[in-house]
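The values are calculated or read from the model by the stated rules, or taken from the named source; none is laboratory data. Computed from a predicted model, the values in this text were never measured in an experiment. Using ideal geometry, Cβ is built from the backbone for each residue, glycine included, and neighbour counts are taken over all protein chains shown. Ligands, DNA and RNA are stripped out before the accessible areas are found, and what is left, the full protein with its side chains, is counted by its heavy atoms. Shrake-Rupley method; radii C 1.70, N 1.55, O 1.52, S 1.80 Å.
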Amino acid sequence: DAEITQSPRHKITETGRQVTLACHQTWNHNNMFWYRQDLGHGLRLIHYSYGVQDTNKGEVSDGYSVSRSNTEDLPLTLESAASSQTSVYFCASSEDPPGIGNTIYFGEGSWLTVV
Amino acid sequence: GESVGLHLPTLSVQEGDNSIINCAYSNSASDYFIWYKQESGKGPQFIIDIRSNMDKRQGQRVTVLLNKTVKHLSLQIAATQPGDSAVYFCADDSGNTGKLIFGQGTTLQVKP
């Protein structure tokens, strides 16, 4: 079955280190998204991509970057991890066109702790 | 800015009863809403969606109602079961961009 997978599922890192969270989907979806989820907040959009070589900033993009070199993958990089980036990160993907009833599928999440 | 909010952080119901989870939004131009269910340790899972040209939409044991006049939507779950215990989010994708604006979530607890 097609799916969306995230790795690692859990990670502890130190302040200042670079961290990359992987997201891989096998649906061949053009649209991919990264969200973070913190206690007391719903999910908030970090970055998104509508296709290869396309990347865009979301609501909370400071300190994060993404790259889209192929359809299947959208890795999220924390350039210099900060304690404020301790969170649960979710990757998502959807068919074209975005919205208009095309279901957005979420991965299982990556728990990141910055100490 | 645009916001989506839920009325109650926690809802506790008896197994077999109906559950109603509420959500309010601020943008009068919002026209597409989605309800997600998130179980502990998992990602959000699509339940049902509704567009602004509809007042009501039904799925399996779930119904979403949209009141555009007061900018409010609700998710009704019939005959609530223990497996319905989860956090429920409403989300707004009114730009049809796939960029979701989420509410804060309501935790549904089902008592046996």
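Output yes when any residue across region A:40-60 is of a type in the set (Asp, Glu) and under 19 Å from residue B:89 (Cβ atoms), and no when none is.
yes
Among the candidates A:34, A:27, single out the residue that is among the aromatic types (Phe, Trp, Tyr), under 23 Å from residue B:42 (Cβ atoms) and surrounded by 22 or more Cβ atoms within 10 Å (Cβ to Cβ).
Just a single option satisfies the conditions, and that option is A:34.
Can you tell me how many residues in region A:1-19 are in contact with a Cys (Cβ under 7 Å, 6 or more places away or on another chain) and either part of a loop (DSSP other than H, G, I, E, B) or more than 24 Å from residue B:89 (Cβ to Cβ) (or both)?
Counting residues in region A:1-19 that are in contact with a Cys (Cβ under 7 Å, 6 or more places away or on another chain) and either part of a loop (DSSP other than H, G, I, E, B) or more than 24 Å from residue B:89 (Cβ to Cβ) (or both) gives 0.
Taking residue B:45, is it open to solvent by 60 Å² or more (accessible area, probe 1.4 Å) and closer than 25 Å to residue A:94 by Cα?
Yes: the conditions hold for residue B:45.
Would you confirm whether or not region A:86-103 contains a residue that is away from chain B (no Cβ under 12 Å), of a type outside the set (Ser, Thr, Tyr) and free of Cβ contacts under 8 Å to residues at least 60 places away in the same chain?
no
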